[in-house]
Amino acid sequence: MKCTQCSEQFEQTKKEHEVYEKFGAKLPTTCPDCRHHRHLIFRNERSIFYNKSHVSGKTIVSMIPPTSPFKVIDQDEWWNDKFDASVYGRDYDFNKPFFQQFKELQKDVPRWARLFVNCENSEFTNNSADVKDCYLTFSSYESENLYYCTRVFKSNTCVDCMNVKESEYCSLCMDCQKCYNIHYSQSSEGCHDSYFLYDCRNCKNCIMSAQLRNKEYCILNKQYSEEEYEKHKIQFLKNLADNKQKIEKEFEDLKKTLYHKHLRLINTENSVGDFITGSKNINNGFYIVDCEDCINVRDCSTCRDCYDNLANEKSELCLEADTSYELYNSKFCTHCVTMRDVTYGDQCFKLEDCFGCIGLKQSKNMILNKKYSEKEYKELIPKIKEHMLETGEWGRPFPPHLTPWPYNITVAHEHYPMTKDEAIHEGYMWHEEQKEAQHFSKEYEIPSDIDEVDDSICDKILICEETGKNYKVIPQEYKFYKKFEIPIPRITPYQRYKSLLSLQPPKKLRETNCNLCDAKIQTIYPEKSGYKIVCDKCYLEKVY
C-alpha cells in the first residue's frame with residue numbers, strides 16, 4: 001500500500017494484521033520509516049537546559065527548555081511522596097476529542113526534568129542509569145568516566161563514543177565492544193591499542209586496518225615488524241591533527257575495497273534487520289538484543305511480542321511504545337516504567353489498568369489521572385472507546401503534535417532535519433538557541449602536537465573549525481588525550497557526535513544482489529555508498 005506521509009509503497013504482513021487486530025488498534029497507514037520518524041519526535045536524547053522547578057523554583061538541569069509551555073520538576077521532587085499527579089485529574093469530556101483533552105492535561109502536569117537512576121556526580125546526563133562521574137553522556141548505563149558519549153554500556157573512561165559496550169579507554173568509536181585503548185574505530189570487537197579499525201576482531205597494535213582477524217602490527221592491512229610499526233605509529237600520531245581529513249578519506253577508500261556483510265546478525269534466527277544479536281523472529285529490527293517475535297523495532301532489548309517500538313527494554317506484548325522499560329500488554333506509551341494493561345501513558349511509573357495518564361506513579365484504575373473503582377473503570381472504558389471511534393482516534397498512536405519537545409531538540413531532527421519554517425508549518429514547536437557571548441581575546445591556535453599542550457588549554461575558549469562555535473576542553477578530557485597521545489579535537493563535541501552519526505547506514509532495508517554470487521539479499525547500505533555488499537556465505541568465504 002502507499003504511505004500517506006511519504007507516498008512510498010510498503011507491505012503489511014499477515015502477522016501485522018493479526019497483531020493490530022489483537023490490540024484493537026487501527027492498522028497504520030504510514031510506512032515503517034515514517035512511524036520511526038514519529039517515534040523519534042517523542043524522544044529528546046541529548047539536549048539539556050537550565051530550567052526552574054515548578055515546585056521549588058530552584059534551578060535544575062532539564063530536558064525541557066525554559067521557553068517551553070510545559071512545567072518541569074526535579075526528579076527528586078517527582079519521587080517525593082508529596083508530589084501526586086492525581087491532583088490534576090479530570091473527568092473525561094465526551095464533547096471533546098481525546099487527544100485534545102490529553103494535550104490539556106500535559107500542560108498541567110509537571111514533567112520529569114531528566115530520566116536518570118542512580119547517577120552519581122553526573123548532573124549533565126539523560127536517559128541513563130548507574131553511571132558515575134559522567135559528563136554530557138546520554139542513554140548509557142553501568143559505566144564510569146564517560147564524556148560526550150551516547151549509548152555506552154558497562155564501560156569506563158571513554159570519550160566521544162556511540163554504541164560501545166564493555167570497553168575502556170576508547171575515543172571516537174562506533175559499534176565496538178570489548179575493546180581497550182582504540183580510537184577512531186568502528187564495528188570492531190576484542191581489539192587493543194589501535195587507531196582507525198573497521199570490522200576487526202581480536203587485533204592489537206594496528207593502524208588504518210579493516211576486516212582483520214587476530215592480527216598485530218598492521219598498517220593499511222599490511223604486516224610490519226614491531227620495530228617498524230612503532231616508528232610508523234609515532235609519525236602517524238604526529239601527523240594526525242593536521243592531516244585528519246586526508247586520513248579519514250584514505251580509511252574510507254580502504255573500506256570500499258572490502259566486501260561488506262549485507263546484514264549484521266549474530267546468533268539470530270529467522271530475522272531481518274541490522275545489528276540483531278541473540279534474537280529470533282525479528283522483522284525490520286535495528287540494534288536489537290535478546291528479543292523474540294517483534295516487528296518494526298529499534299534499539300530494543302529483552303522484548304517479546306512487541307510491535308512498532310523504539311528504545312523499549314524488558315517488555316512484552318507492547319504496541320507503539322517508546323523510551324520505556326518493563327511494560328506488559330500496553331500500547332501507545334512513552335517514557336513509562338513498570339506498567340501493565342495501560343493505554344496512552346506518558347511519563348508514568350508502576351501503573352496497572354490505566355488510560356490516558358500523565359506523570360502518575362503506583363496507581364491503578366485511572367483515567368486522565370482521575371481515580372475510579374475497578375467497576376467504574378471497566379464501565380467507563382467501553383464508553384470512551386465508542387466516543388473515540390466516533391472521533392476517529394481509537395486505536396491510533398499519539399499524533400506528533402503531542403510531543404513535549406521542540407522539533408529541533410528531538411532525535412527526529414538528527415535523522416529527518418527540518419527548517420524552522422517547515423517545522424512550524426507541520427505544527428511543531430521550535431527552540432531558538434541563545435546567541436553565544438562574544439570573546440574578544442586572541443584566538444587560540446591548538447598545537448598539532450599533543451606534547452606541546454598543557455593543562456592551560458582547559459581555560460581557553462576554542463573555536464570550531466567547522467561551525468565557528470565556541471567550545472572547551474574539560475580537564476578529564478585533556479588528561480585522556482595527553483595519556484594516549486591523541487590530538488586535541490578542533491571541532492565541538494556536537495560536531496564530533498554528528499561525524500559518528502554519519503557512519504551509521506540508515507535504518508532502512510533495501511533489496512539488492514550479492515556482489516559475488518548474485519543471490520537476492522536485503523541490506524541497509526545505500527545504493528550510492530560505494531560498498532561491495534555480499535551475502536553471509538560469501539562474506540564468510542572472503543573474510544574468514
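The values are calculated or read from the model by the stated rules, or taken from the named source; none is laboratory data. Every value quoted in this text rests on a predicted model; they were computed, and no experiment measured them. Please note: Cβ atoms are built from the backbone with ideal geometry, for glycine as well, and neighbour counts cover all protein chains shown.
List of remarks:
- Selection from the stretch 93-116 of residues that are in contact with a Ser or Thr (Cβ under 8 Å, 6 or more places away or on another chain) and surrounded by fewer than 16 Cβ atoms within 10 Å (Cβ to Cβ): PRO97
- Taking the stretch 492-506 as the range and being crowded, with 19+ Cβ neighbours inside 10 Å and over 13 Å from CYS161 (Cα atoms) as the test, only THR492 passes.
- Qualifying residue in the stretch 507-521 (condition: surrounded by 14 or more Cβ atoms within 10 Å (Cβ to Cβ), among the polar types (S, T, N, Q), at pLDDT below 95 and farther than 22 Å from ASN296 by Cα): no
- Scanning the stretch 30-49 turns up no residue that is of a type outside the set (Lys, Arg), surrounded by fewer than 16 Cβ atoms within 10 Å (Cβ to Cβ), part of a loop (DSSP other than H, G, I, E, B) and without any contact (Cβ under 8 Å) to a residue 60 or more places away in the chain.
- Restricting GLU477, GLU466, GLU452 to those that are in contact (Cβ under 8 Å) with a residue 40 or more places away in the chain, closer than 21 Å to LEU240 by Cα and of a type in the set (D, E, K, R) reduces the list to GLU477.
- Checked against (1) surrounded by 13 or more Cβ atoms within 10 Å (Cβ to Cβ); (2) within 25 Å of the chain's Cα centre (by Cα), ARG90 meets all criteria but (2).
- Checking each residue in the stretch 490-544 for being part of a helix (DSSP H, G or I) and polar (S, T, N, Q) picks out GLN495, SER499, SER529.
- Residue in the stretch 3-26 that is aromatic (Phe, Trp, Tyr), modelled with pLDDT under 95 and under 20 Å from ARG510 (Cβ atoms) present: yes
- Test result for GLU443, of a type in the set (Asp, Glu) and either under 29 Å from TYR494 (Cβ atoms) or part of a loop (DSSP other than H, G, I, E, B) (or both): yes
- Being closer than 19 Å to PRO493 by Cβ and either of a type in the set (D, E, K, R) or part of a strand (DSSP E or B) (or both) is a property that does not hold for ASN181.
- Residue under evaluation GLU227, criteria (1) surrounded by 13 or more Cβ atoms within 10 Å (Cβ to Cβ); (2) free of Cβ contacts under 8 Å to residues at least 60 places away in the same chain; (3) charged (D, E, K, R), criterion not met: (1)
- Of residues in the stretch 117-155 being of a type in the set (Ser, Thr, Tyr), within 21 Å of TYR481 (Cβ to Cβ) and touching a Phe, Trp or Tyr at 6+ places or on another chain (Cβ under 6 Å), the one surrounded by the most Cβ atoms within 10 Å (Cβ to Cβ): THR150
- ASP81 vs. criteria free of Cβ contacts under 8 Å to residues at least 12 places away in the same chain, in a loop (DSSP other than H, G, I, E, B) and farther than 28 Å from SER502 by Cβ: yes
- Residue check for LYS178: touching an Asp or Glu at 6+ places or on another chain (Cβ under 6 Å), among the basic types (Lys, Arg) and either surrounded by fewer than 24 Cβ atoms within 10 Å (Cβ to Cβ) or at positive phi (or both): yes
- HIS260 being in contact with a strand residue (DSSP E or B) (Cβ under 8 Å, 6 or more places away or on another chain), surrounded by fewer than 20 Cβ atoms within 10 Å (Cβ to Cβ) and not charged (D, E, K, R): no
- Cβ-Cβ under 9 Å pairs, at least 6 apart or on other chains, the stretch 1-17 side touching a residue at least 60 places away in the same chain (Cβ under 8 Å), far side aliphatic (A, V, I, L, M) and in a strand (DSSP E or B): THR13/ILE295; LYS15/ILE295; GLU16/ILE295
- Scope the stretch 283-312; condition farther than 13 Å from GLY273 by Cβ and surrounded by fewer than 21 Cβ atoms within 10 Å (Cβ to Cβ); matching residues: ASP290, GLU292, ASP293, SER301, THR302, ARG304, ASP305
- Restricting the stretch 61-78 to residues that are part of a helix (DSSP H, G or I) and of a type outside the set (A, V, I, L, M, F, W, C), the residue that is nearest to SER47 (Cα to Cα): GLN75
- Residue within the stretch 82-103 that is more than 26 Å from ALA321 (Cα to Cα) and of a type in the set (Asp, Glu) present: no
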